[in-house]
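Input: a single structure, listed below in structure tokens.
Since every read-out is calculated from the coordinates, none of them should be taken as a lab result. Note that this is a predicted model, so its numbers are computed, not measured. Every residue, glycine among them, receives a Cβ derived from its backbone with ideal geometry; neighbour counts consider all protein chains shown.
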Amino acid sequence: MFISVLELFKIGVGPSSSHTLGPMVAAYDFLSRIKDQSIEVSSDAGVFVRCTLKGSLAFTGKGHSTDRAVALGLHGHLPQNLTDVDVAGLVSQIWKDDKIEIDKAYRLSFIPSEHIIFDKGDPLPEHPNGLIFDLMDLDGRIMCSETYFSIGGGFICTLAEISQLQAPLKMEPCTSCRYPFDSASTMLEMAEHNGISISHMKLMNELEYKSENTLLEGMDAIWLSMQTCIEKGLGAEGILPGGLGVVRRAKDLYQHIEDNPVNVNINDWLCAYAMAVNEENAAGNMVVTAPTNGAAGVIPAVLYYFVTHEKGTIEQVREFLLTASAIGGLIKHRSSISGAEVGCQGEVGSAAAMAAAGLCAVHGGTPQQVENAAEIALEHHLGMTCDPVGGLVQVPCIERNGFGAIKAYTAASLALRGSGEHFMPLDNCIEAMKQTGLEMSHKYKETSLGGLAVSLTEC
């Protein structure tokens with residue numbers, strides 16, 4: 001298997017990779033299919049586009065802005081093109097319009113409030129995040145249809161594609177890679193046999209698909225976006241959208257740390273940085289999917305702390321990202337990073353494992369220590385549910401990223417103080433996460449039907 005570091009880390013907008021980014025990409029793809037098929041209809045024929053959201057997308061889509069994402073995609077917008085755009089203003093304009101322009105010849109009818117359906121019946125059997133797009137005429141006949149699945153991290157696949165996947169993710173075959181590892185055990189064997197680091201193997205694999213200049217520029221852009229997101233979050237204040245009345249806290253926390261440096265510890269810094277990112281995500285602003293939006297604060301927080309407080313270099317940043325993406329690719333290949341599929345253990349747990357591995361590597365850890373760090377971090381997220389209050393990526397998601405960053409740093413420290421030998425292999429831990437997710441009730445997998453999401457008593 002091969003998934004690029006530039007695909008695993010994507011610059012986009014909040015609040016959710018599976019509920020916002022994926023549906024936007026799916027809607028954009030459906031629009032492209034309509035254009036490619038050159039379906040001839042007149043502007044006054046009443047032909048319209050309908051989108052039916054299934055499973056987790058139906059239950060928590062409102063809180064995750066899934067309807068807004070679908071509307072944006074159908075109007076030709078992609079996540080990476082909205083980072084510097086007034087998204088709220090753009091959505092407001094789309095809601096006032098009732099058409100989708102295909103070309104100058106005709107436009108299709110599309111009224112978001114009527115044509116986006118939140119179907120809370122049975123989910124599609126293939127995956128809990130399903131979207132069905134239909135192009136329909138006034139008589140209810142379907143002229144064009146496609147079913148998509150938002151499979152985590154902003155990735156999508158169609159109904160035809162999902163049955164062909166070994167894991168819920170499209171990846172390149174690794175046959176052309178110099179180091180084609182598809183498990184942690186194989187990764188360690190290759191590292192030991194060749195006497196090289198995990199990051200170097202990942203680098204060599206990346207260069208089979210793209211130039212070194214493209215790769216380095218891409219990773220540097222990812223890191224710059226992570227820094228920008230943290231710094232914007234640390235300077236922002238106010239109440240987050242969505243109706244819960246959650247107040248931004250990262251700025252006050254950061255200010256309190258700077259004003260009272262004597263009693264400050266690493267946990268304070270990591271929480272401030274991680275929460276800054278996830279408050280930006282909750283506000284629908286620019287974030288880097290790392291590996292998901294719901295877990296977007298963990299890796300940037302750990303990396304930002306390393307660079308800011310430990311004087312990390314740009315070369316070490318790249319080593320961190322390459323190592324983290326190697327671990328993230330294994331988790332995606334062998335399990336899932338989708339909260340709707342395996343719970344938050346697949347989101348914050350995966351992010352913590354990736355961050356721990358990256359930090360261990362830049363601190364001089366051996367491949368065995370790096371694998372150990374990832375396993376420790378993931379192991380101590382097993383069983384974590386995804387039960388966002390109000391379907392919003394706010395409670396418990398924002399604080400949870402701070403704790404994920406703390407666990408990642410702790411895991412790296414523990415691994416570095418050991419030899420790399422340990423009882424539970426990373427591959428087994430990933431398999432345990434997968435099985436736990438399969439057995440977890442759907443109430444705790446991003447449907448907001450259980451746990452914290454229903455524990456509040458209204459007065």
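Here are a few things to note about the model shown:
- Dipole magnitude of the range 84-128, debye to nearest 20 (Cβ charges: Lys/Arg +1, Asp/Glu -1, about Cα centre): 200 debye
- Fully extending the segment from residue 399 to residue 210 would add 64.3 nm, taking 0.36 nm per residue of separation and subtracting the current Cα-Cα distance.
- Loop-located chymotrypsin sites (Phe, Trp or Tyr not before Pro) in the range 392-459, at most 16 other Cβ atoms within 10 Å (DSSP): 423
- Exposure proxy ranking, count of Cβ atoms within 10 Å, fewest first, for 381, 422, 193: 193, 422, 381
- With distances taken between every two different alpha-carbon atoms, the range 31-154 has a Kirkwood hydrodynamic radius of 15.2 Å.
- The label point for residue 452 and the one for residue 103, both projected 7 Å from the Cα toward the Cβ, are 5.0 nm apart.
- Projecting label points 7 angstrom from Cα along Cα→Cβ for residue 158 and residue 224 puts them 3.6 nm apart.
- Cα point-scatterer Debye curve for the chain, base-10 log of I(q)/I(0) at q = 0.06, 0.07, 0.08 Å⁻¹: -0.25, -0.34, -0.44
- Extended-chain gain in nm, criterion 0.36 nm per residue less alpha-carbon gap, residue 231 and residue 122: 35.0 nm
- Cα-based radius of gyration of the range 184-454 once divided by 2.2 N^0.38 Å, which approximates compact folds: 0.97
- Working ranking of peptides 273-283, 230-240 by packing, defined as the average number of other Cβ atoms within 10 Å per residue, highest first, is 273-283, 230-240.
- If the chain linking residue 257 and residue 92 were pulled fully straight, counting 0.36 nm for each residue of separation and taking away their Cα-Cα distance, it would gain 55.6 nm.
- Measuring between their Cα centroids, the range 278-306 and the range 346-364 lie 14 Å from each other.
- For residue 427, net neighbour charge (Lys/Arg +1, Asp/Glu -1) across residues whose Cβ lies under 15 Å away: -3
- Antiparallel content of DSSP bridges confined to the chain, in %, to 5: 80 percent
- Loop-located trypsin sites (Lys or Arg not before Pro) in the range 255-334, at most 15 other Cβ atoms within 10 Å (DSSP): 311
- Options 392, 163, 148, ranked by Cα towards positive dipole end of the chain, top entry (Cβ charges): 392
- For the chain, the longest principal axis of the Cα atoms and the long axis of helix 184-194 meet at an angle of about 50 degrees.
- Size of charge dipole - the chain - debye, nearest 20, with Cβ of Lys, Arg +1 and Asp, Glu -1, no other charges: 320 debye
- Tilt relative to the chain, helix 266-282 - C-alpha long axis, 0 to 90 degrees, to 10: 10 degrees
- Inter-part distance, the range 216-242 to the range 382-398, computed on C-alpha centroids, equals 21 Å.
- Positive dipole terminus of the chain, leading residue within 441, 79, 305 (C-beta point charges): 441
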